[in-house]
Amino acid sequence: MSTSTRTPADPTSSHRAIENLIARYAELVDDGDFAGLGILLAYATFTGSGAPVSGGDAIEKMFRDTLIVYADGTPRTQHVTTNVAIEVDEQASTAVSRSYVTVMQALPDLPLQPIAGGRYHDRFERRDGRWRFVERRVRINLVGEVSRHLRQAAAER
């Protein structure tokens with residue numbers, strides 16, 4: 001089927017596919033799978049506290065350079081994504097979403113606690129029948145004890 005004659009997907013399935021991408025991001029970060037994040041965000045621009053980073057290899061490197069990973073291969077975090085609002089334009093094969101994120105962390109000498117809270121603003125596109133990230137903007141509003149999570153904060157300790 002050519003792209004000029006494609007039929008828009010079912011809106012419910014589009015919402016579910018986008019929710020799954022948002023959830024997959026959290027799983028990959030919490031698993032310390034930065035190569036997987038590079039694949040997930042291969043066509044995206046990621047904007048956090050620094051300059052925007054585009055493309056899978058650059059995004060993978062940014063995560064490796066930013067997050068502390070422990071002996072189990074993970075950053076010992078749980079990203080909890082809530083208040084997810086998704087708006088899909090089926091005709092244009094685009095979508096936007098916004099959500100809250102709370103990052104929890106626990107270590108043998110650090111009790112389970114929230115270390116950061118903020119918002120995600122995402123853009124998606126559907127290519128070849130599949131949804132993918134094209135932009136993730138992260139705005140952290142609440143910052144707790146991040147010296148065990150972020151390399152820069154650890155260096156400033």
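The values are calculated or read from the model by the stated rules, or taken from the named source; none is laboratory data. All values reported here derive from a predicted model rather than from experimental measurement. So basically every Cβ, Gly included, is an ideal-geometry build from the backbone, and we count neighbours across all protein chains shown. For accessibility, only protein heavy atoms count, side chains too; no ligands or nucleic acids. Shrake-Rupley method; radii C 1.70, N 1.55, O 1.52, S 1.80 Å.
Here are a few things to note about the model shown:
- Selection of the range 114-157 for residues being more than 20 Å from the chain's Cα centre (by Cα) and over 21 Å from Phe63 (Cβ atoms) yields Asp128, Gly129.
- Among the residues making up the range 44-60, those that are assigned to a loop (DSSP other than H, G, I, E, B), over 13 Å from the mean Cα position of the chain (by Cα) and at pLDDT 95 or above are Pro52, Gly55.
- Positions within the range 22-43 being β-branched (Val, Ile, Thr), within 11 Å of the chain's Cα centre (by Cα) and more than 18 Å from Gln152 (Cα to Cα), in sequence order: Ile22
- Single residue of the range 17-34 satisfying the filter (part of a helix (DSSP H, G or I) and open to solvent by 40 Å² or more (accessible area, probe 1.4 Å)) that is farthest from Val88 (Cα to Cα): Asp31
- If the condition is being without any contact (Cβ under 8 Å) to a residue 60 or more places away in the chain, in a loop (DSSP other than H, G, I, E, B) and open to solvent by less than 90 Å² (accessible area, probe 1.4 Å), then the range 113-157 contributes Gly144, Glu145, Val146, Ser147.
- Residue in the range 61-75 that is at pLDDT below 95, among the polar types (S, T, N, Q) and either in a loop (DSSP other than H, G, I, E, B) or more than 17 Å from Tyr120 (Cβ to Cβ) (or both) present: no
- Of the residues making up the range 64-74, those that are out of contact with any strand residue (DSSP E or B) (no Cβ under 9 Å at 6 or more places or on another chain) and open to solvent by less than 40 Å² (accessible area, probe 1.4 Å) number 2.
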